[in-house]
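This is the structure I want to talk about, given as structure tokens.
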Amino acid sequence: MQWLNKRYQFLFRSTKGLILVAIAFAALGSAFFGLLSGPMADYGIKDVVVRALNINLEPAEREGRLVILYHSLAMIAIAVEVYMITDLLKMKDNHRLPINTTVTVGYLMVMFGGLPFAYWGHNWVLHGIYIAGLSLIFFAGCLLLVALWPWRDEYRLKDKDYAQTKKGYDMERIAFFMVSLTTLISAIFGAVPGSFYGNGFETFLAENVVRDPHKTALDLSIIGHLHIMLALIAIMCALIIGRWMDFKGMWQKLAMPLYIVGAFVLSLGTWLVVQFEEIAHFIIYGGSTVAMLGALFLVIDSWKKIIRSGLDEKGIRKGNFFQGVAALLRDPVRFGPTWQMVFMNFTVSGVGIFTAVKLDEIFRKWQFMDERSILTGHWHILATLTATILLLYYADLAGLKGKARKWFGWAVIIFSDVAFAAVTVYEMKRLFITEGEQQPLVNRAVLAGDIGVIVLLLALAALMVWRLTDLFKKKGRWQEETTHRLAKKEEVQ
Amino acid sequence: MKKSIITMSLFLLFALTACQPVDFQAAPPVFDTGMDSEQWVEIPAGEFLQGQFKKETTIDHAYEIMVTPVTNAQYAAYLNEALAADYIQVNGNQVEGYYPGDAFAGGRHEEEIKAGSYIHIPLDDPFLRLSYDGNSFTVKPGWENHPMTMVSWFGAKSYCEFNGWRLPTELEWEKAARGTDGRAYPWGEEIARNNANFYFSRDPFENMATFGSRTTPVGFYNGKTYNHYTTLDSASPYGVYDMAGNVWQWTANVYDAQHYRYMRGGSKDMYENNLRVWSMNNATPTFTSPGTGFRCVRDVE
């Protein structure tokens with residue numbers, strides 16, 4: 001009993017344990033439900049799994065199933081971010097504990113209520129559990145807002161290296177608060193239409209209605225919700241990585257107002273889609289550009305830091321270009337998160353902007369199915385890329401060292417980027433190839449994408465197995481980590 | 001670190017370059033499906049369950065629909081007749097015909113379709129299964145009983161109207177495909193690989209390692225066995241074939257504030273979820289593709 005209790009304390013009471021459990025669930029969920037689509041469907045694995053596990057794939061409910069699956073995985077990502085925030089930022093323990101508990105119970109209810117409901121038949125108790133789970137996560141978000149409230153005297157900064165208002169209020173904390181607030185409001189834009197469309201039974205995927213000229217306010221609300229939630233999760237991720245990298249100085253002072261304004265304007269744009277679709281897009285472009293500029297400053301600052309520490313390690317005072325690059329690349333786990341933010345510009349932001357600018361000239365000349373494949377690829381890449389950033393941060397938290405750290409870091413960076421690049425080529429294929437001659441290109445893109453995803457999942461599995469075996473050791477890493485904190489800044493209690 | 005990067009890069013390079021040149025014009029296997037592509041079937045007036053969420057909808061008239069999509073042979077015969085009658089024209093590398101234009105509502109992203117001459121088929125596209133020698137059209141060997149593809153909405157509409165018929169509306173198409181019981185596929189609620197021609201359905205006409213998925217003869221999925229490949233009889237409740245997979249099918253509707261024309265049925269290049277009877281695709285009316293064809297309807301006297 002003592003054995004179990006100690007592991008429970010680590011897995012469900014410590015930050016690192018909570019993150020480990022959440023990532024393990026995400027890994028299991030992705031691996032299992034990945035069996036039902038893509039190459040696994042092509043090669044017949046899906047048919048075997050569906051028969052063996054008596055999965056009920058009612059054709060008319062496919063969109064509803066996917067919405068529940070996406071929400072289940074997204075809630076895990078949100079939970080991981082919440083754990084990181086509650087530990088990285090100064091917060092009262094009587095705030096931290098209920099937030100983490102609520103969000104944990106919430107995502108577990110979403111997973112264990114929603115997925116059986118969606119894939120194994122319609123027991124309405126399970127649907128109730130799913131909805132209650134989503135509500136709990138929303139409630140945890142409200143608690144987080146209270147805990148983050150930046151205008152308390154005890155959260156004022158003394159260190160002038162960090163962005164702050166004239167009165168000393170922490171701009172980074174305001175940014176965390178703003179992103180949390182806009183996330184909660186944006187969640188409502190999904191919840192209201194979700195309830196209206198019969199608890200998900202008359203639901204649709206946003207990419208299926210983009211060409212419909214007569215969208216209702218609720219349709220537009222869902223489209224806005226989808227856009228903004230992923231974007232805000234990504235902005236929150238950038239804030240978390242900034243805190244990990246101890247982002248400070250001039251670049252941080254420039255970046256924080258940009259994050260705050262960017263998150264607000266971007267959110268406002270997607271909310272306005274409901275009533276003012278025409279102008280909303282310009283507001284969205286403005287907001288996202290501002291937020292991306294903030295992320296660029298984080299990249300500049302963190303790379304300068306990584307290079308400096310690398311050169312210091314080798315005793316080089318002023319290195320040349322090649323020494324600088326070697327220093328930057330020496331630790332893929334630290335370099336990876338910000339590199340992925342840069343890579344995001346090629347596979348997500350760049351593609352998105354190009355598509356928007358050339359929409360009528362190029363993409364609306366294509367058949368709808370070709371345009372839809374861009375939209376689907378776009379969301380998948382943004383979501384997965386954000387997940388790889390969080391995963392690299394977790395690899396650092398988990399204490400991965402030496403060669404294992406290098407192999408893991410490079411495997412995640414190289415193979416996820418190969419997969420993202422392959423998906424980008426796949427989704428934009430009509431730019432380079434006609435429908436009749438596409439198969440060789442499709443085969444290469446799918447092969448590269450599959451290799452990328454498989455290696456990424458293997459790297460993740462290796463990390464999970466390592467941590468699982470550690471749990472069976474009497475004095476494993478888990479024991480130390482039970483009391484570990486993520487925070488490095490002196491302001492944290 | 002260098003070692004790990006080099007090993008991973010070499011592995012990727014090897015995997016991505018291990019491919020061979022592809023013959024996209026490889027001749028198809030030839031099978032007699034026993035289907036008569038001149039057949040029509042009557043769809044009675046009345047209620048049916050429409051769309052993904054099964055809304056009760058009424059079609060107030062009976063109509064007849066072609067049992068299979070228009071074939072290359074049928075379309076080639078039409079082209080020769082219509083060309084002789086000056087109903088259509090060959091202009092450069094395309095066959096064209098007159099269209100009186102649509103009302104323009106200035107909708108978002110709407111393009112105006114003015115009165116004028118528009119493409120019916122492109123003559124220079126290698127995936128057109130017809131040949132033109134300057135005088136007449138013939139079908140490339142082996143493709144006679146395959147659905148006519150590389151045809152624009154204008155070309156499909158023109159074929160139907162030349163014969164005194166018309167394209168089906170989306171509602172007419174859907175009722176013919178699913179009957180009145182709200183089923184998801186023409187034959188029922190589940191799809192198997194030998195129900196229809198879809199992406200990775202492993203029919204005798206596809207080779208996913210090389211040229212990919214290709215059309216199957218119309219009415220191919222009728223329960224017959226072809227060289228050890230056994231199909232399931234996949235007719236709709238009214239006995240209509242190829243209402244899921246093989247080729248997307250143009251429908252007649254011209255909607256307010258948009259220039260897109262809608263297609264139904266999914267195609268050889270789509271995963272099976274796009275073969276559900278309510279799935280839609282759309283494109284500009286000049287769009288042509290190796291995965292898009294059509295069939296006609298006619299009113300019952």
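The values are calculated or read from the model by the stated rules, or taken from the named source; none is laboratory data. Note that the coordinates shown come from a computational prediction; the quantities given were computed from them, not determined experimentally. Every residue, glycine among them, receives a Cβ derived from its backbone with ideal geometry; neighbour counts consider all protein chains shown.
When only residues in the stretch B:181-199 that are in contact (Cβ under 8 Å) with a residue 60 or more places away in the chain and under 23 Å from A:N443 (Cβ atoms) count, which is nearest to the other protein chains (Cβ to nearest Cβ)?
Among them, the one singled out is B:Y199.
Having 1 or more residues that are under 18 Å from B:R178 (Cβ atoms) and within 14 Å of chain A (Cβ to nearest Cβ) is the bar; report the strands (runs of 3 or more DSSP E) wholly within the stretch B:203-301 that clear it.
So the answer is B:248-250, B:261-264, B:280-283.
Given the criteria part of a loop (DSSP other than H, G, I, E, B), outside the structural domain of A:E61 (by TED's automatic domain parsing) and out of contact with any strand residue (DSSP E or B) (no Cβ under 8 Å at 6 or more places or on another chain), does A:F189 qualify?
no
Which residues, counting only those in the stretch B:23-75, are surrounded by 22 or more Cβ atoms within 10 Å (Cβ to Cβ) and of a type in the set (A, V, I, L, M)?
B:I43, B:I65, B:M66, B:V67, B:V70
Are there helices (runs of 4 or more DSSP H) fully within the stretch A:25-99 with at least 1 residues that are farther than 23 Å from A:V110 by Cβ and within 14 Å of chain B (Cβ to nearest Cβ)? List them.
A:38-42, A:45-52
I'm trying to understand the selection: among the residues of the stretch A:219-230, which are among the hydrophobic types (A, V, I, L, M, F, W, C) and without any contact (Cβ under 8 Å) to a residue 60 or more places away in the chain?
Across the stretch A:219-230, the qualifying residues are A:L220, A:I222, A:I223, A:I228.
Now for a separate question. How about the stretch A:113-150: which of its residues are at pLDDT 95 or above and either basic (K, R) or not in a helix (DSSP H, G or I) (or both)?
Answer for the stretch A:113-150, where residues must be at pLDDT 95 or above and either basic (K, R) or not in a helix (DSSP H, G or I) (or both): A:W149, A:P150.
Output yes when any residue across the stretch B:274-290 is touching a Cys at 6+ places or on another chain (Cβ under 9 Å) and not polar (S, T, N, Q), and no when none is.
Checked the stretch B:274-290: no residue is touching a Cys at 6+ places or on another chain (Cβ under 9 Å) and not polar (S, T, N, Q).
Here's a check for you: in the stretch B:173-197, which residue that is within 15 Å of B:R295 (Cβ to Cβ) and within 16 Å of the chain's Cα centre (by Cα) is surrounded by the most Cβ atoms within 10 Å (Cβ to Cβ)?
If we take residues in the stretch B:173-197 being within 15 Å of B:R295 (Cβ to Cβ) and within 16 Å of the chain's Cα centre (by Cα), then B:A176 is surrounded by the most Cβ atoms within 10 Å (Cβ to Cβ).
Which pairs have Cβ atoms under 8 Å, sit 6 or more apart or on different chains, and link a residue in the stretch B:137-148 that is in a loop (DSSP other than H, G, I, E, B) and basic (K, R) to one that is surrounded by fewer than 17 Cβ atoms within 10 Å (Cβ to Cβ) and at pLDDT 95 or above?
That search, which allows pairs on different chains as well, returns B:K140/B:S131.
I need the full set of residues from the stretch A:343-367 which are outside any helix (DSSP H, G or I) and not acidic (D, E), in order please.
Within the stretch A:343-367, A:K358, A:L359, A:I362, A:W366, A:Q367 meet the criteria.
Given the residues B:Y78, B:Y118, B:Y98, which is the only one that is part of a strand (DSSP E or B), more than 21 Å from A:K365 (Cβ to Cβ) and among the aromatic types (F, W, Y)?
Of the residues listed, the single one that is part of a strand (DSSP E or B), more than 21 Å from A:K365 (Cβ to Cβ) and among the aromatic types (F, W, Y) is B:Y98.
Consider A:K46 carefully, then state whether it is more than 25 Å from A:L181 (Cβ to Cβ) and surrounded by 16 or more Cβ atoms within 10 Å (Cβ to Cβ).
Yes, satisfied.
Here's another thing I want to ask about it. Could you tell me which of the residues A:L447, A:L463, A:L458 is facing chain B (nearest Cβ under 9 Å) and assigned to a helix (DSSP H, G or I)?
Among A:L447, A:L463, A:L458, only A:L447 is facing chain B (nearest Cβ under 9 Å) and assigned to a helix (DSSP H, G or I).
All but one of (1) closer than 24 Å to A:A27 by Cα; (2) within 10 Å of another protein chain (Cβ to nearest Cβ) hold for A:L468; which doesn't?
(2)
When residues of the stretch A:321-341 are filtered for being within 12 Å of chain B (Cβ to nearest Cβ) and of a type in the set (F, W, Y), how many remain?
So the count comes out to 1.
On to the next question. Which of the residues that make up the stretch A:382-422 are at positive phi and either in contact (Cβ under 8 Å) with a residue 60 or more places away in the chain or hydroxyl-bearing (S, T, Y) (or both)?
A:G399
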